[in-house]
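Q: Sending over a structure as structure tokens; questions will come in a sec.
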Amino acid sequence: MPEWLKVVLDNLPALLKGAVSTLQLTSLSVLIGLAIGTFVGMGRLSRHRAFRYPASIYVEFIRGTPLLVQLFLVYFGLPELGLRFDRFTAAVVTLGINSGAYVAEIVRAGIQSVPRGQYEAARSLGMTHGQAMLYVILPQAFRNILPALGNEFIALTKESSLATVIGTVELMRSAQYIVSRTFLSFPVYGGVALIYFLITFTLSRLVRFAESRLRV
Amino acid sequence: MREIILKIEDLHKFYGKLHVLKGINLEVAKGEVISIIGPSGGGKSTLLRCINLLEDYQRGKILFKGEPIAHKNVNRIRTQIGMVFQQFNLFPHLTVLENLTLAPLKVKRMPKDVAYEKAKALLERVGLLDKIHEKPANLSGGQQQRVAIARALMMDPELMLFDEPTSALDPELVKEVLDVIRDLVRSGMTTIIVTHEMRFAREISDKVVFLDDGKIVEVGSPEKIFTQPDNPRTREFLRHFLSV
Ligand SMILES: Nc1ncnc2c1ncn2[C@@H]1O[C@H](COP(=O)(O)OP(=O)(O)O)[C@@H](O)[C@H]1O
Ligand SMILES: [Mg+2]
């Protein structure tokens, strides 16, 4: 067995542990992103400026600044204001807030893709705005935007590797440890690339499957 | 004298600078059937939509059973005013049954079994009991519109609004929908219907309203409006309309 393969295999458990961390990090961030994005997406379409303006500012600001800077801001900056997170939480919070802006735009497009008559029919039956959104508009919107949300999940999986810079232990960080001990960059980072690819490829297949199941 | 269910006083509606309703006055008594006819763009849909406040208006008053309709009571009042749209607007992600029971369950907090029985009875009435578990996409336009009517009736409305309920239908599907509406009207439902089905309007209405350019140009019995209208514009419209 060549030396590099032995090194990769010996360190495989550590890499897989890193992969699990990446999945946890990404999943939690996606959930936060979805929650934020749903409300902000609705906020952007609100009749009330008090919802619309803050929602727009949030989306524009997040999309207009690098994720790297956002990570530094949360992990190194916020403690100066008395808000301290551990590395993992800081990464989840930052990625969640970051993703929320992109999800918001997707949700907004999804809501707009539902014909206006659906909302009016719901309201004409006496439903409140919230009920109409919850039972009529959002289910249809999410069905329409499922592929886009899947892509966002995939993008986030890849971007989560940036959390390395604040020391969050995930797949990329695990790989760096291994490389610093073994000096075998190519096989280790190659293996890491392969693991990322397997995750995103599986995700895209899952999304496609869900899509076909949800079709009317 | 019969109770006045709906009273519209000096209603004005603007879309930006466009003056769409120019002082509408209308009274609807309990059990009365009113047809609104008139050229496209005259404001018929807008008038119906103002009644249940799907559109805001700038001047005037609309009273439902004596109570002004406003944003703070509109959800309650809407449960008493059924609306049927030209495009049906069934909820495509829900089955026929779920379309019917959603609002009763969520808005009226009707027990599930009661809602289910009621839905079955209404689907029976519109002749679609066998479609109860279908998705709207699997129904014809006429069937969808009949489901939409049943959905509105689930709330036990005291007033029904129809906005060109058959205009989006293929000609051969018009009759089945008109039959359902006729049946409903005969059962005593107070109804306002915007329609281009002149023969049907003449048959079912107590009163026909000719609305043109945001104004009620003429109101009268169907006999009067369809045979000897006073206003030249009504005459012109009907001549043009009945000749095509
Ligand atoms: N959402 C809207 N925004 C601007 N103008 C509108 C809107 N809806 C309707 N209008 C205008 O209002 C007028 C009346 O429309 P409508 O009530 O739909 O007429 P009808 O139902 O009699 O055909 C038309 O000139 C139409 O272009
Ligand atoms: Mg119209």
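Readers should treat all values here as calculations from the given coordinates under stated rules, not as data from a laboratory. The structure presented is a predicted model; accordingly, all values stated were derived computationally and were not measured. We place every Cβ from the backbone using ideal geometry, glycine too, and count neighbours over all the protein chains shown.
Q: Suppose a student asked you for the relative contact order of the range B:92-165, using Cα pairs under 8 Å spaced at least 6 residues apart; what percent would you report?
A: 42
Q: Would you mind pulling out the separation of the Cα centroids of the range A:5-48 and the range B:67-110, in Å?
A: When both Cα centres are located, 39 Å separates them.
Q: Moving on. Which FRET efficiency value, to the nearest 0.05, do you get for A:L68 and B:L18 by plugging their Cβ-Cβ distance into 1/(1 + (r/R0)^6) with R0 = 41 Å?
A: Efficiency computed from Cβ-Cβ geometry: 0.20.
Q: Put +1 on the Cβ of each Lys and Arg and -1 on the Cβ of each Asp and Glu in chain B; which of B:P39, B:L159, B:L105 then has its Cα farthest toward the positive end of the dipole?
A: The one lying farthest along the dipole's positive direction is B:L105.
Q: Just to check I understand the Karplus step: with θ = phi - 60° and J = 6.51 cos²θ - 1.76 cosθ + 1.60, what whole-Hz values come out for the range B:150-155, glycine and proline as x?
A: So the Karplus estimates, Gly and Pro as x, are 4, 4, 5, 6, 4, 8 Hz.
Q: Below 19 Å, Cα to Cα, which aspartates and glutamates can B:K13 reach? Residues fewer than 8 away in the same chain don't count.
A: Counting by Cα, and skipping residues close in sequence, B:K13 has these aspartates and glutamates nearby: A:E120, B:E27, B:E55, B:D56, B:D163, B:D212, B:D213.
Q: To continue, here is another question. Would you mind classifying the protein assembly as shown by shape? Square roots of the alpha carbon gyration tensor eigenvalues, ordered a ≥ b ≥ c; an a/c under 1.5 is rounded, otherwise it is prolate if a/b is larger than b/c and oblate if not.
A: prolate
Q: Step through the residues of the range A:12-18 one at a time and calculate ³J(HN,Hα) from phi using the Karplus curve (6.51 cos²θ - 1.76 cosθ + 1.60, θ = phi - 60°), rounding each to whole Hz and writing x for Gly and Pro.
A: Running phi through 6.51 cos²θ - 1.76 cosθ + 1.60 with θ = phi - 60° gives 4, x, 5, 5, 5, 4, x Hz.
Q: Also, I was wondering about something else. Treating only the Cβ atoms of Lys and Arg (+1) and Asp and Glu (-1) as charged, compute the dipole magnitude of the range B:4-236 about its Cα centre; round to the nearest 20 debye.
A: Approximately 740 debye in magnitude.
Q: If you don't mind, there's one more thing I want to ask. Going by how many other Cβ atoms sit within 10 Å of their own, how do B:K17, A:K6, B:K207, B:K30 line up, fewest first?
A: Going from sparsest to densest Cβ surroundings: B:K17, A:K6, B:K30, B:K207.
Q: Once you keep just the Cα pairs under 8 angstrom separated by 6 or more residues, what percentage relative contact order results for the range A:58-157?
A: The normalised contact order for the range A:58-157 reaches 29 percent.
Q: Using a Gaussian network for chain A with springs between C-alpha atoms less than 10 Å apart, which of these wobbles most: A:A90, A:A193, A:A19?
A: Maximum among the listed residues: A:A193.
Q: Just round it to a whole percent: the fraction of Cα-Cα distances in chain B exceeding 27 Å.
A: When all Cα pairs of chain B are counted, 36 percent exceed 27 Å.
Q: Looking at chain B, send over the antiparallel percent of its DSSP beta bridges, to the nearest 5.
A: For chain B, the DSSP antiparallel bridge percentage is about 55.
Q: Quick one: pull the percentage of alpha-carbon pairs in the range B:1-90 with a separation above 19 Å.
A: I get 41 percent for the Cα pairs in the range B:1-90 exceeding 19 Å.
Q: So how tilted is helix A:171-182 from the main axis of chain A? Cα-based, degrees 0 to 90, rounded to 10.
A: 10
Q: Given the rule -39500 (n - 2.57) for each run of at least 4 DSSP H residues, summed and divided by the residues of chain A, what is its mean residue ellipticity at 222 nm, to the nearest 500 deg cm²/dmol?
A: Working: 9 runs with 162 residues, N = 216.
After summing the helix terms and dividing by the residues of chain A, the value is -25500 deg cm²/dmol.
Q: Now a separate question. Given a cut-off of under 8 Å on Cα pairs at least six residues apart, what relative contact order in percent is computed for the range A:3-215?
A: Reported as a whole number, the value is 31 percent.
Q: Let me know the Kirkwood hydrodynamic radius for the range B:115-164, please, with Cα pairs as the basis and the value in Å to one decimal.
A: Values: mean 1/r = 0.0885 Å⁻¹.
About 11.3 Å, per the Kirkwood formula over Cα pairs.
Q: Strictly over 32 Å apart at the Cα level, which of B:K108/B:K131; B:K44/B:K224; B:K22/B:K120; A:K158/B:K106; B:K65/B:K118 would you flag in this model?
A: Correct reply: B:K22/B:K120; A:K158/B:K106.
Q: Distance between the C-alpha centers of the range A:174-215 and the range B:195-244? Whole Å please.
A: 70
Q: Something else now. Under the rule of at least 5 residues apart or a separate chain, name every residue whose amide H is placed under 5 Å from the amide H of B:D212.
A: B:V217
Q: With +1 on the Cβ of every Lys and Arg and -1 on the Cβ of every Asp and Glu, and nothing else charged, how large is the dipole of the protein assembly as shown about its Cα centre, in debye rounded to the nearest 20?
A: Around 620 debye, computed over the protein assembly as shown.
Q: Percent of alpha carbon pairs in chain A separated by more than 26 Å? Provide the component values of the computation, followed by the final result.
A: Details: 10643 of 23220 pairs.
Every Cα pair in chain A considered, those over 26 Å come to 46 percent.
Q: Related question: Would you pull out the residues with amide H under 5 Å of B:G60's amide H, same chain only if 5 or more places away, H placed 1.01 Å from N?
A: Those qualifying (amide H under 5 Å, at least 5 residues apart or on another chain) are B:H12.
Q: Can you tell me the dipole magnitude for the range A:14-138 around its Cα centre, using point charges on the Cβ only (Lys, Arg +1; Asp, Glu -1), in Debye to the nearest 20?
A: 240
Q: Shifting gears a bit: For helix A:49-63, report the angle its Cα long axis makes with the longest principal axis of the Cα atoms of chain A; keep it between 0 and 90° and round to the nearest 10°.
A: Helix A:49-63 and the main axis of chain A meet at about 20 degrees.
Q: Based on the alpha-carbon set only, what is the convex hull volume of the range A:41-103 divided per residue, in Å³?
A: Expressed per residue, the convex hull around the Cα atoms of the range A:41-103 is 83 Å³.
Q: When chain A is modelled as a GNM with alpha-carbon springs shorter than 10 Å, which of A:R52, A:R116, A:R108 fluctuates the most?
A: Between A:R52, A:R116, A:R108, it is A:R116 that shows the largest mean-square fluctuation.
Q: Now a separate question. Once phi is turned into ³J(HN,Hα) by the Karplus curve 6.51 cos²θ - 1.76 cosθ + 1.60 with θ = phi - 60°, what whole-Hz value does each residue of the range B:55-64 show in order, with x for glycine and proline?
A: Whole-Hz 3J(HN,Hα) from phi for the range B:55-64: 10, 7, 10, 9, 8, x, 9, 10, 10, 10.
Q: Among the DSSP beta bridges whose two residues both lie in the protein assembly as shown, what percent are antiparallel, rounded to the nearest 5?
A: Counting DSSP beta bridges with both partners in the protein assembly as shown, the antiparallel share is about 55 percent.
Q: So which aspartates and glutamates pass the test for A:K17, namely a Cα distance under 14 Å, with those fewer than 8 places away in the same chain ruled out?
A: A:E170
Q: May I ask which residue of A:S21, A:I36, A:F88 lies farthest towards the positive end of the charge dipole of chain A, with charges of +1 (Lys, Arg) and -1 (Asp, Glu) on Cβ and the Cα centre as origin?
A: Result: A:I36.
Q: Taking the Cα centre of the protein assembly as shown as the origin and placing charges on Cβ (Lys, Arg +1; Asp, Glu -1), which of B:L94, A:V103, B:L242 is farthest toward the positive end of the dipole?
A: Highest projection toward the positive end goes to A:V103.
Q: Among the aspartates and glutamates, select those whose C-alpha is under 12 Å from the C-alpha of B:K135, and discard any that sit fewer than 8 residues away in the same chain.
A: B:E98
Q: Which of B:L11, B:L139, B:L122 ends up with the largest GNM mean-square fluctuation for chain B, with Cα atoms connected below 10 Å?
A: It is B:L139.
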